[in-house]
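*Asks:* The following block contains the structure, expressed as structure tokens.
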Amino acid sequence: DAKTTQPPSMDCAEGRAANLPCNHSTISGNEYVYWYRQIHSQGPQYIIHGLKNNETNEMASLIITEDRKSSTLILPHATLRDTAVYYCIVRVPYSNSGYALNFGKGTSLLVTP
Amino acid sequence: ETGVTQSPTHLIKTRGQQVTLRCSSQSGHNTVSWYQQALGQGPQFIFQYYREEENGRGNFPPRFSGLQFPNYSSELNVNALELDDSALYLCASSLVREGRAEQFFGPGTRLTVL
């Protein structure tokens, strides 16, 4: 699976958009970009995933560059409850040998009042 | 729809002992994965079970073993506990289907080895 690079930490004011970047320059054509987040002392939570088109759901939007070498997770109106560690993961959706999620260190997002 | 549950929530063991952690998958899911998360680190993949067979394993020694039952619940067993086994153990279930395999995580079991 391709390796990802994320900033270790970011701050965002409550009510503003939080834009979390992720670099994945070695991504291959069949690998998806997944985003998970982990609120302190809880299990990770799936947010969104995409292949090459931009995606939006009730939690967030995912913008993938045309060359697919980077992406941005957007939380449109951040709340204090969005304070968490955000993980960008690149991998194929499934393989016959199973599919581990390689979490890395993620970005610690702090939403401030 | 019932989410992923794990038991116990906390556990304290001593070095050399054995431990069994349990996980109930989300209804309808046929795959379960286990992860270990040390303090300050991201979760690390231990292994995955699909239809009661191990279907992928991370860089963990054989003293980490598992089972998946016909009802898709699962156990993680760790023998000969070491101090470094102290961590949050996470279970994740998923329904593998064409093009999609998001994993849904339980709250974890916090294991402390003294």
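*Asks:* Could you say whether any residue in region B:2-9 is of a type in the set (V, I, T), surrounded by fewer than 16 Cβ atoms within 10 Å (Cβ to Cβ), outside any strand (DSSP E or B) and touching a residue at least 60 places away in the same chain (Cβ under 8 Å)?
*Replies:* yes
*Asks:* Name every residue in region A:21-38 that is assigned to a strand (DSSP E or B) and either more than 10 Å from every other protein chain (Cβ to nearest Cβ) or without any contact (Cβ under 8 Å) to a residue 12 or more places away in the chain (or both), in order of residue number. Show your work before the answer.
*Replies:* Pass one, region A:21-38, residues assigned to a strand (DSSP E or B): A:21-23, A:32-38.
Hits for region A:21-38 are A:P21, A:C22, A:N23, A:V33, A:W35, A:R37.
*Asks:* Quick check on A:V33: is it out of contact with any His (no Cβ under 6 Å at 6 or more places or on another chain) and more than 24 Å from A:E14 (Cα to Cα)? It would help to see each step written out before you state the result.
*Replies:* On the way: out of contact with any His (no Cβ under 6 Å at 6 or more places or on another chain): yes; more than 24 Å from A:E14 (Cα to Cα): yes.
Yes: the conditions hold for A:V33.
*Asks:* Looking at A:N96, A:N53, can you tell me which residue is exposed (fewer than 14 other Cβ atoms within 10 Å of the Cβ), at pLDDT below 90 and farther than 22 Å from B:S93 by Cβ? Working first, answer last.
*Replies:* Details: A:N96 fails: farther than 22 Å from B:S93 by Cβ.
After applying the criteria, what remains is A:N53.
*Asks:* What are the residue pairs meeting all of these: first residue in region A:91-113, first residue more than 7 Å from chain B (Cβ to nearest Cβ) and closer than 20 Å to A:T72 by Cβ, second residue at pLDDT 85 or above and surrounded by fewer than 17 Cβ atoms within 10 Å (Cβ to Cβ), Cβ atoms under 6 Å, and 6 or more apart or on different chains?
*Replies:* Taking only residues 6 or more apart or on different chains, the pairs are A:T107/A:P7; A:T107/A:M10; A:S108/A:S9; A:L109/A:M10; A:L110/A:D11; A:V111/A:E14; A:V111/A:L80.
*Asks:* Return the residues of region B:23-81 that are more than 8 Å from every other protein chain (Cβ to nearest Cβ), outside any strand (DSSP E or B) and in contact with a Pro (Cβ under 8 Å, 6 or more places away or on another chain); say none if nothing qualifies.
*Replies:* B:E52
Conditions (1) of a type in the set (V, I, T); (2) part of a strand (DSSP E or B); (3) in contact with a Ser or Thr (Cβ under 9 Å, 6 or more places away or on another chain), marked per residue:
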site: A:H40; (1), (2), (3): no, no, yes
site: A:K52; (1), (2), (3): no, no, no
site: A:S71; (1), (2), (3): no, yes, yes
site: A:I74; (1), (2), (3): yes, yes, yes
site: A:V85; (1), (2), (3): yes, yes, yes
site: A:I89; (1), (2), (3): yes, yes, yes
site: A:A100; (1), (2), (3): no, no, yes
site: A:S108; (1), (2), (3): no, yes, yes
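The values are calculated or read from the model by the stated rules, or taken from the named source; none is laboratory data. This structure is a prediction, so every number in the text was calculated from the model and none was measured. A quick note on method: Cβ atoms are made from the backbone with ideal geometry, for glycine too, and the neighbour counts reach across all protein chains shown.
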